Amino acid sequence: MEINDIINSNNNSFTLVAVSKTKTVDEIQKVYNQGQTNFGENRVNELMNKQKILPKNIKWHMIGHLQRNKVKTILPIVHLIHSVDSIRLINTIEKESKKINKKTSILLQIHIAEEKTKYGFSFNELRSLFKENFFKNINFIDIKGLMGMATYTNDKVQIRNEFKNLKLFFEEIKTRFCNSNDNINFNSLSMGMSGDYTIALEEGSNIIRIGTLIFGERDL
Ligand SMILES: *Cc1c(COP(=O)(O)O)cnc(C)c1O
């Protein structure tokens, strides 16, 4: 599918992240040449190897589960980490960002799907963190918003409900907690992949992460 068909599929403004995991630098370069500058990867080593070779103005998004021992490697070059899913990971990102004196932009990943395998905070866990003012001592992280993945199902009603709930929660956190803290600027809601991005955009997403529709099926 052409990038422009995806971009023009909805009237809202949103960021398209082209998910290039498992794809070669040549394939990525072709998509870059069409004007695409945001790319997403789910493995640190793969992201770093591609980043070294590809144009320097690419904005690299980390969208997969991030191990704490890989944080240091990725921080100098990552544009946005979508997959921050634990307190320990937040603390590591804070510590390592401080060391290099760089503010890191993140999204907090919320578990909205039925499947047990998907990472992320529950609504209640995250609400408690905000209530306890956990983020008051975080100075080297910009919390830009939330990311979530819907259940892998053909049930469009279920997918829509999961996105709707995430959007409601996003608005709740934004109105209740974001005025009092400079490091929390809730303006980004990352939801929607190849199979469900039109629903996600209708439900208020402003970052979609599209792999298959842009690059074709992955072999793995
Ligand atoms: C692989 C992946 C995507 C892209 O999936 P497609 O169905 O190929 O569009 C989006 N988000 C995350 C977190 C992924 O791991």
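Here the Karplus relation 6.51 cos²θ - 1.76 cosθ + 1.60, evaluated at θ = phi - 60°, turns the backbone of the range 20-26 into coupling constants of 9, 3, 6, 8, 7, 4, 5 Hz, with x for every Gly and Pro. Sorted from greatest to least, the principal axis extents spanned by the alpha carbons of the range 59-126 come out as 38, 23, 18 Å.
Of the GluC sites (Glu not before Pro) found in the range 126-220, those in coil by DSSP whose Cβ has at most 10 other Cβ atoms within 10 Å are GLU132, GLU217.
Amide hydrogen proximity for GLN109: with H placed 1.01 Å from N in the peptide plane, the residues at 5 or more positions away or on another chain lying under 5 Å are VAL84, ASP85, PHE121, MET147.
Please work out the Cα convex hull volume for the range 174-220 and give it in Å³ per residue. Write down the numbers at each step before the final one.
Details: hull volume 4.8 nm³, N = 47.
Per-residue hull volume (Cα only) is 103 Å³.
Of interest is the spacing of the C-alpha centroids, which for the range 1-77 and the range 143-195 amounts to 21 Å.
Using the Cβ of ALA200 as centre and a radius below 12 Å, the other residues enclosed give a net charge of +1, where K and R count +1 and D and E count -1. Computed over every Cα-Cα pair of the range 78-191 and binned at 5 Å starting from 0, the pair-distance distribution P(r) comes out as 2, 12, 22, 25, 18, 11, 6, 3, 1, 0 percent. Between THR37 and LYS99, the FRET efficiency from the beta-carbon distance, with R0 = 35 Å, is close to 0.80.
Shape summary of the chain, radius of gyration then Dmax from alpha carbon positions: 16.8, 47 Å. Amide H to amide H distances under 5 Å link GLY40 with ALA18, VAL19, SER20, HIS61, where only residues 5 or more positions off or on other chains count and H is placed in the peptide plane. Taken one residue at a time, the phi angles of the range 5-13 give Karplus couplings (6.51, -1.76, 1.60, θ = phi - 60°) of 5, 5, 5, 8, 7, 8, 6, 5, 8 Hz. Gly and Pro are set to x.
For the range 160-173, putting each phi into the Karplus relation 6.51 cos²θ - 1.76 cosθ + 1.60 with θ = phi - 60° gives couplings of 4, 4, 5, 5, 4, 5, 5, 4, 4, 5, 4, 5, 4, 4 Hz, in residue order, rounded to whole numbers and with x for Gly and Pro.
Values in this text are rule-based calculations from the coordinates and carry no lab data. All values derive from a computational prediction rather than experimental measurement. All Cβ positions, even for glycine, are placed from backbone atoms using ideal geometry, and neighbour counts span all protein chains on display.
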